[in-house]
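Q: To start, I am sharing the structure in question, which I have written as structure tokens.
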Amino acid sequence: MDAIRLSPPRRLSLPVDNRWGAGEMNVLDFGDAKRPVDLIFVHANGFNAMTYRSLLAPLSGSLRIWAPDLRGHGLTTLPADPGGRRGWIDHRDDLIAVLDALDGPPAVLAGHSMGGTAALLAAAERPERTSKLVLLDPVIWRRWTVLAFQLPLLDRLASRIPLVRNARRRRAAFDSREQAMAAYRGRGAFRGWPEMMLADYLTDGLVETDEGLRLACPPDWEASNYAAQSHDPWRALKRLDRPVRILKGEAGSTCSVPDRPRGLPHVSVETVEGGTHFFPMLKADVARDALFDASV
């Protein structure tokens, strides 16, 4: 493996102060620090930017990439209170702060799962700071489902979603990183992951506390992200006039955008053959090629 793949990214602390609370957003900075940012990549729910190091680092020879930790994830210190959340507008607003911090031309905005959806929501508010979007199996429910989640009753019922209940039961503390590796290796969402990617996830996915190692993304916060679904990605897609490329898994996809979405000529949709929701981890070359093609 070459030096680029192994080289660690720089860490930046980006101040964020909005209606959701103030703090520092941890941002991984890949590539030549003297060039403008080409690509911003946003991680999935429960993970962190470091999880995608082996996906992004090979691109850093020709691209500069920012990968932020969202609120409630990784080493970002923004307050994360799950009480009363109804959508991902907080993540959108935090990413707007990232876009506003850019000192250069518009950048490609990309992300996986929740990160892709949050990137889409932010781009709709700051189209002048965005050149293109690459969304890797974003969470975009069918239009009628999105409308239903905006109703107060359906919003409350979201807490009964199996993903929400399972997240709340997730183990939050470990005696060591080795113990966490053994607990995750080959199981659940981590099935089939390369060993290095799992180790990268745990690098920023576990934090030291007085009581030992705990998940950087608390189970209640991860669960609230699954439950809070009143945002409207379809509205964001309609408002945007930038190219949007969506890649979705062949099995277990969270993206309901059809191959030829009506009324959205700027949106292209491709199915990754043999891919699941976690194809950025399991078929990293497919995801990497899409990111590179959009950024050059």
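Just so it is clear, none of the values below were taken in a lab; they were calculated from the coordinates. Not measured: the values here are computed from a predicted model. Neighbour counts run over all protein chains shown; Cβ positions are idealised from the backbone, glycine included.
Q: What does the charge count near residue 132 come to, summing +1 for each Lys or Arg and -1 for each Asp or Glu among other residues with Cβ under 14 Å from its Cβ?
A: Net of charged neighbours comes to 0.
Q: Show me the GluC sites (Glu not before Pro) within segment 239-293 that DSSP assigns to loop and that have at most 15 other Cβ atoms within 10 Å of their Cβ.
A: Passing both the DSSP loop test and the Cβ count: 250, 273.
Q: Over segment 1-119, what is the mean sequence separation of C-alpha contacts under 8 Å (at least six apart), divided by residue count, expressed as relative contact order in percent?
A: Taking the mean separation of contacting Cα pairs over the length of segment 1-119, I get 32 percent.
Q: Would you mind ranking 108, 164 so that the residue whose beta carbon has the fewest other beta carbons within 10 Å leads the list?
A: The most exposed by this proxy come first: 164, 108.
Q: If you don't mind, another one. Give me 257, 296 sorted ascending by neighbouring Cβ count inside 10 Å, so fewest comes first.
A: 296, 257
Q: Taking 7 Å along the Cα-to-C-beta vector as the label spot, tell me the residue 169-residue 185 distance in nanometres, rounded to one decimal.
A: It works out to 2.5 nm between the two label points.
Q: In Å and whole numbers, how far do the C-alpha atoms of the chain stretch along each principal axis, longest first?
A: 52, 49, 42
Q: Between segment 31-48 and segment 116-132, how far is it from one alpha carbon centroid to the other, in angstrom?
A: 14 Å
Q: In Å, the Kirkwood hydrodynamic radius of segment 139-296 over pairs of distinct alpha carbons?
A: When all Cα pairs of segment 139-296 are included, the Kirkwood radius is 18.1 Å.
Q: Something else about it: Rg and Dmax of segment 1-93 over Cα atoms: what are they, in angstrom?
A: Gyration radius and largest Cα-Cα distance of segment 1-93: 14.2, 47 Å.
Q: Also: Pop a pseudo-label 7 angstrom from the Cα along the beta-carbon direction at both residue 7 and residue 177 and give the gap in nm to one decimal.
A: That separation, rounded to one decimal, is 2.2 nm.
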